[in-house]
1. Looking only at segment 116-140, count how many residues are part of a strand (DSSP E or B) and surrounded by 15 or more Cβ atoms within 10 Å (Cβ to Cβ).
2. Conditions first: (1) surrounded by 12 or more Cβ atoms within 10 Å (Cβ to Cβ); (2) out of contact with any helix residue (DSSP H, G or I) (no Cβ under 7 Å at 6 or more places or on another chain). Residue 55 passes all but one, so which condition is the exception?
3. Hey, residue 9 hits all of (1) surrounded by 10 or more Cβ atoms within 10 Å (Cβ to Cβ); (2) out of contact with any strand residue (DSSP E or B) (no Cβ under 9 Å at 6 or more places or on another chain) but one; which does it fall short on?
4. Where residues in segment 142-161 are in a helix (DSSP H, G or I) and modelled with pLDDT under 90, which of them is nearest to residue 85 (Cα to Cα)?
5. Would you point out which residue out of 28, 70 is buried (at least 16 other Cβ atoms within 10 Å of the Cβ), at pLDDT 85 or above, in contact with a helix residue (DSSP H, G or I) (Cβ under 7 Å, 6 or more places away or on another chain) and on the phi < 0 side of the Ramachandran plot?
6. Of the residues that sit in segment 88-119 and are at pLDDT 70 or above and out of contact with any strand residue (DSSP E or B) (no Cβ under 8 Å at 6 or more places or on another chain), which one is nearest to residue 56 (Cα to Cα)?
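The values are calculated or read from the model by the stated rules, or taken from the named source; none is laboratory data. Note that the coordinates shown come from a computational prediction; the quantities given were computed from them, not determined experimentally. Reconstructed Cβ throughout: ideal geometry from the backbone, glycine too, with neighbour counts over all protein chains shown.
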């Protein structure tokens, strides 16, 4: 199998749909996945995958081909938990959409699960710095809330006297 393009420069050099009747093929279309496929039906021909890109190296591939050709490539993200949890945990992310990330299981590379980037309990961050900033902001908001509660209680005590 031919090496798959991993950069936009490599993809721009690719020719799709080359065959005896069309030896020069077609140039890379940036609006489509960079994978080479065979069309279905009678007289199958080589072509460029027509799905929207946005996954894999430099977001050149559709989700299906990115998972198929690059399953082992992951990035480290950082997870912060609920308001009672102040721990930052590292997780391995193998795919991402606007709202979801796909987390690789610690026990097996083959197992993975999709989760919201921001849920009621957990939040996922690209960098440790972002995760720490989130926890600091949450601590500041908690401290301000506690100060307001103390002032409110003091005022209630004064009215009782």
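1. Here is the first cut: in segment 116-140, the residues part of a strand (DSSP E or B) are 116, 118, 123-125.
If we keep only those that are surrounded by 15 or more Cβ atoms within 10 Å (Cβ to Cβ) as well, we get 123-125.
The number of residues fulfilling the criteria is 3.
2. Among (1) surrounded by 12 or more Cβ atoms within 10 Å (Cβ to Cβ); (2) out of contact with any helix residue (DSSP H, G or I) (no Cβ under 7 Å at 6 or more places or on another chain), residue 55 violates only (2).
3. (1)
4. 142
5. On the way: 70 fails: at pLDDT 85 or above.
Criteria check complete, one pass: 28.
6. Out of the qualifying residues, it is 97.
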